[in-house]
1. In this structure, is ASN57 among the polar types (S, T, N, Q) and within 16 Å of the ligand (Cβ to nearest atom)?
2. What are the pairs, 6+ residues apart or on separate chains, where a residue within the range 338-357 that is crowded, with 22+ Cβ neighbours inside 10 Å has its Cβ under 6 Å from a residue that is among the polar types (S, T, N, Q)?
3. Can you name the number of the only condition in (1) in a loop (DSSP other than H, G, I, E, B); (2) surrounded by 18 or more Cβ atoms within 10 Å (Cβ to Cβ); (3) among the hydrophobic types (A, V, I, L, M, F, W, C); (4) within 15 Å of the ligand (Cβ to nearest atom) that LEU200 fails?
4. Regarding the range 201-210, can at least one residue be identified that is in contact with a Lys or Arg (Cβ under 8 Å, 6 or more places away or on another chain), of a type outside the set (Phe, Trp, Tyr) and within 28 Å of LYS180 (Cβ to Cβ)?
5. Working only within the range 31-54, note down all residues that are over 12 Å from the mean Cα position of the chain (by Cα), within 14 Å of the ligand (Cβ to nearest atom) and not in a loop (DSSP other than H, G, I, E, B).
6. Enumerate the pairs (first residue in the range 158-171 and free of Cβ contacts under 8 Å to residues at least 12 places away in the same chain; second residue anywhere and near the ligand (Cβ under 7 Å from one of its atoms)) with beta-carbon separation below 8 Å, excluding pairs fewer than 6 apart on the same chain, so at least 6 apart or on different chains.
7. All but one of (1) within 16 Å of the ligand (Cβ to nearest atom); (2) touching a residue at least 24 places away in the same chain (Cβ under 8 Å); (3) in contact with a strand residue (DSSP E or B) (Cβ under 6 Å, 6 or more places away or on another chain) hold for SER127; which doesn't?
8. Looking at the range 363-383, which of its residues are at pLDDT 95 or above, within 30 Å of ASN139 (Cα to Cα) and assigned to a strand (DSSP E or B)?
Amino acid sequence: MDNQLAEQFVRIFGRAHTKSYFAPGRVNLIGEHIDYNGGLVMPCAITFGTYMLLAPNNESVFRFRSLNFKETLDIEIRPDGYTKMDKNWYNYPLGVIDRLIKAGHVPQGIDILYWGNIPIGSGLSSSASIEIVTAYALNELIGAGISKLDLVKLAKDVENIFIGLNSGIMDQFAVAFGQKDKAMQLNCDTLNYEVVDCNLDGYLLAIINTNKVRALAESKYNERVMECNEALNVLKSAHRMQYLCDMDTKDFAAHQHLIANDIVRKRAKHVVEENVRVKEAAKALAAGNLTAFGRLMYASHDSLRHLYEVSGIELDTIVDYCISNKHVAGARMTGAGFGGCAIALVQKEYFDSFSEELIQYYQERIGYTPTIYSSLIGDGVKALPQTLLI
Ligand code: GLA
């Protein structure tokens with residue numbers, strides 16, 4: 001694909017690119033809707049991702065092209081930065097440039113071509129992937145000297161300030177720091193992380209795309225963030241805490257009556273219990289106990305379904321099927337929810353029959369088919385070797 005991309009670059013811009021980069025997507029093994037509540041999450045980078053080829057130009061213009069989208073953008077460098085333009089994909093790289101300019105860096109004109117194989121809108125972080133690949137590449141190109149962690153924060157600001165989604169830091173972090181065959185146990189308060197060996201021993205990680213077109217996901221997401229803030233403000237008046245995840249289940253049981261609103265109380269209960277599940281899951285994974293890990297995945301899904309209410313009939317149908325199949329250790333929705341993807345731990349030798357049966361089960365109930373991938377856990381953002389340049 002890289003050579004084909006290089007040819008496409010020449011076709012589009014009439015000259016060769018000078019550098020190429022890759023950033024992955026991510027799945028989250030457990031710890032959902034936890035990052036913006038200051039707790040623990042366990043994501044890993046996947047081998048699907050976004051490729052970016054670039055060449056500087058002398059015209060003080062950014063030219064954005066993608067082989068995935070027909071919309072293009074040519075825009076002059078503006079010393080004051082930019083604001084979001086309509087709803088197109090190029091807001092992500094434009095947002096990165098905006099944040100760089102606002103941080104005092106002076107980018108030069110660049111021609112950029114993207115191509116990605118992360119299914120768009122599937123909850124596998126295609127947006128964090130394009131943000132991080134762009135931030136990483138431009139940081140190198142203009143010699144801005146920004147650390148990888150600060151690039152992660154800059155990309156999060158693109159989501160929060162430029163795009164308007166109040167998301168946490170998990171996706172950008174996983175896309176930047178992912179390591180092959182490893183998961184990360186990230187503390188979203190301190191941003192310290194431990195690498196967890198993802199020894200799946202006889203199992204494969206299946207990624208199952210519901211293929212549901214997500215609607216209202218952004219507004220529902222922001223609504224959940226607000227509900228958590230509401231719970232936090234109430235609990236703070238009675239307990240010393242900065243984040244919801246600073247509470248353990250015992251403290252929560254003692255204080256939950258203070259939250260008058262039933263829905264808000266349910267949201268907070270999910271957050272506190274999910275954070276505890278991540279700690280248990282890390283222990284289970286380190287001990288190679290996939291049965292225990294799988295049970296925690298199911299418990300996580302159940303909580304997202306009934307307490308946090310971010311699942312839906314499509315994701316629930318997938319998890320219900322998994323529960324009925326004894327060759328599956330565990331399954332859950334991954335990412336924000338409202339459609340998108342589920343993950344499942346499936347015994348290697350039964351992967352094909354699992355896929356066939358699940359497709360049929362889902363089609364009978366939902367009316368169309370899901371897409372099932374067996375994913376490899378891959379590396380974070382990187383420059384691609386020069387040998388790929390032609
Ligand atoms: C989205 C957000 C993340 C995180 C997850 C839910 O992927 O971008 O910050 O909140 O949802 O865990």
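The values are calculated or read from the model by the stated rules, or taken from the named source; none is laboratory data. Just so we're clear, the structure is a prediction, and the values are computed from it rather than from any experiment. Every residue, glycine as well, gets a Cβ built from its backbone with ideal geometry; the counts of neighbours run over all protein chains shown.
1. Values: among the polar types (S, T, N, Q): yes; within 16 Å of the ligand (Cβ to nearest atom): no.
For ASN57, the condition - among the polar types (S, T, N, Q) and within 16 Å of the ligand (Cβ to nearest atom) - is not met.
2. Close Cβ pairs (under 6 Å, with a partner that is among the polar types (S, T, N, Q)) amount to GLY339/THR210; GLY340/SER122; CYS341/SER122; CYS341/ASN209; CYS341/THR334; ILE343/THR334.
3. Looking at each condition in turn, LEU200 falls short on (4).
4. Filtering the range 201-210 for residues in contact with a Lys or Arg (Cβ under 8 Å, 6 or more places away or on another chain) gives 202-204.
Okay, now just the ones that are also of a type outside the set (Phe, Trp, Tyr), so 202, 204.
With the extra rule that they be within 28 Å of LYS180 (Cβ to Cβ), the set shrinks to 202, 204.
Scanning the range 201-210 turns up at least one residue that is in contact with a Lys or Arg (Cβ under 8 Å, 6 or more places away or on another chain), of a type outside the set (Phe, Trp, Tyr) and within 28 Å of LYS180 (Cβ to Cβ).
5. TYR36, ASN37, LEU40
6. ASN160/SER167
7. It fails just one condition, (3).
8. LYS382, ALA383
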